[in-house]
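Participant: For reference, the structure I am asking about is given below.
The values are calculated or read from the model by the stated rules, or taken from the named source; none is laboratory data. It should be emphasised that the depicted structure is a prediction, and the values quoted were computed from it without experimental measurement. Every residue, glycine among them, receives a Cβ derived from its backbone with ideal geometry; neighbour counts consider all protein chains shown. Surface accessibility is based on the protein's heavy atoms, side chains included, excluding ligands, DNA and RNA. Shrake-Rupley method; radii C 1.70, N 1.55, O 1.52, S 1.80 Å.
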Amino acid sequence: MPTTLTAFADVTTSDSALRRFLHGLPGVDAVGLEARAASLGTRSIKTTAKAYAIDLAISMIDLTTLEGADTPGKVRALSAKAVNPDPTDRTTPMTAAVCVYPDMVATAKAALNGADVKIASVATAFPAGRAALPVKLADTRDAVAAGADEIDMVIDRGAFLAGRYLETYELIKAVKEACVREDGSVARLKVIFETGELSTYDNIRRASWIGMLAGADFIKTSTGKVGVNATPANTLLMLEAVRDFRAQTGIQIGVKPAGGIRTTKDAIKFLVLVNETAGEDWLSNHWFRFGASSLLNDLLMQRQKLSTGRYSGPDYVTVD
């Protein structure tokens, strides 16, 4: 499929042009969106499909620690768990990535020691995004130079909500450029919208299009630091956006719901959303991720239950 943004070349030439385009997008039927998300969430799957879904979900996790009290020891333990989630069962998949603050990237890189687990780093003054542009770009470059394979940036929600759409677009473009390493390779960029602060579904759709037009490799719901994080409805809306964007440009963009996804049942609901909305092409960790910390433990417990027919004791999984 040819890939091109030519059809949208004029959209980002000015703030007024971008505003016209974004406000010309179809309005979101909130009732219909939430009803469809709820309906898809009731789908049941058989045992064999559940076993596949659990392993797929494990392989899609960005295993995350983003706390002020993070220590090198905690990051090393998280990295070990990402590589070997269940020491009693070596068939358990690795997680997709570990996600840490920029100053912990080097620690994670050393701990992973070449394992096939990506290093994701938040950047751009995460989680609030309240910093000058040079600070945000330096934050990004530091993480990339330390070895980050992926950057999870935050948009300036204040700028977006004030209608400064081109400023939001140009921020993402600038961060994308900061993801280029000296050898020419590029860290993949995930753009966090903090959907819980965007107020309306129409705003989530507009933010999704700004991110995709600006070169995001993933669009991501949330930081996990506010009251409303990933929901089936806002994730469904973003899946529709990436589906429509590929249909019009040939360019595939990933989606990452983050925050509040804690159980196997939750994860499977989101995988159903992916399959039924964007399609099978998104059912891999190259195109879909879960931003989570506690989810992995529940998936491991459910995986062991399917294997042995019983739940393990409380000491079966590590406490993150």
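Participant: Inspect all residues belonging to segment 206-220 and state whether any of them is among the hydroxyl-bearing types (Ser, Thr, Tyr) and out of contact with any Leu (no Cβ under 8 Å at 6 or more places or on another chain).
Facilitator: Within segment 206-220, the first condition is being among the hydroxyl-bearing types (Ser, Thr, Tyr), and the residues that meet it are 208.
From the residues that got through so far, the ones that are out of contact with any Leu (no Cβ under 8 Å at 6 or more places or on another chain) too are none.
For segment 206-220, residues among the hydroxyl-bearing types (Ser, Thr, Tyr) and out of contact with any Leu (no Cβ under 8 Å at 6 or more places or on another chain): absent.
Participant: Tell me which residues, restricted to segment 108-145, are of a type outside the set (A, V, I, L, M), over 18 Å from residue 181 (Cβ atoms) and open to solvent by 30 Å² or more (accessible area, probe 1.4 Å).
Facilitator: The answer is 113, 116, 127, 130, 134.
Participant: If the Cβ limit is 6 Å and pairs must be 6+ apart or interchain, which residue in segment 178-193 that is in contact (Cβ under 8 Å) with a residue 12 or more places away in the chain pairs with which residue that is part of a helix (DSSP H, G or I) and among the hydroxyl-bearing types (Ser, Thr, Tyr)?
Facilitator: The qualifying pairs are 178/140.
Participant: Run down 247, 241 and say which single residue is among the hydrophobic types (A, V, I, L, M, F, W, C), open to solvent by 40 Å² or more (accessible area, probe 1.4 Å) and free of Cβ contacts under 8 Å to residues at least 60 places away in the same chain. Talk me through it step by step, then tell me what you get.
Facilitator: Values: 241 fails: open to solvent by 40 Å² or more (accessible area, probe 1.4 Å).
Criteria check complete, one pass: 247.
Participant: I'm checking my understanding of the structure. Among residues of segment 215-234 that are touching a residue at least 60 places away in the same chain (Cβ under 8 Å) and assigned to a helix (DSSP H, G or I), which one is farthest from the chain's Cα centre (by Cα)?
Facilitator: 233
Participant: Now, a different point. Being among the acidic types (Asp, Glu) and outside any strand (DSSP E or B) is the filter; apply it to segment 113-168 and report the residue that is farthest from residue 61 (Cα to Cα). Can you show your working first?
Facilitator: The first filter runs over segment 113-168 and keeps only residues among the acidic types (Asp, Glu), leaving 116, 139, 142, 149-150, 152, 156, 167.
From what is left, the residues that are outside any strand (DSSP E or B) are 116, 139, 142, 149, 156, 167.
Details: 116: 13, 139: 24, 142: 24, 149: 15, 156: 25, 167: 31 Å.
Taking the candidates together, the pick is 167.
Participant: Looking at (1) among the hydrophobic types (A, V, I, L, M, F, W, C); (2) in a helix (DSSP H, G or I); (3) over 15 Å from the mean Cα position of the chain (by Cα), which one does residue 239 not meet, given that it meets all the others?
Facilitator: All conditions pass for residue 239, except number (3).
Participant: Now a separate question. Here are the criteria: (1) open to solvent by less than 30 Å² (accessible area, probe 1.4 Å); (2) of a type outside the set (Gly, Ala, Ser); (3) more than 19 Å from the chain's Cα centre (by Cα); (4) under 28 Å from residue 122 (Cα atoms). Tell me which single one residue 71 does not satisfy.
Facilitator: For residue 71, the exception is condition (1).
Participant: Every residue in segment 147-160 that is farther than 20 Å from residue 14 by Cβ and open to solvent by 10 Å² or more (accessible area, probe 1.4 Å), please.
Facilitator: So the first thing to find is which residues in segment 147-160 are farther than 20 Å from residue 14 by Cβ, and the list is 147-154, 157-158.
Correct list: 147, 149, 157, 158.
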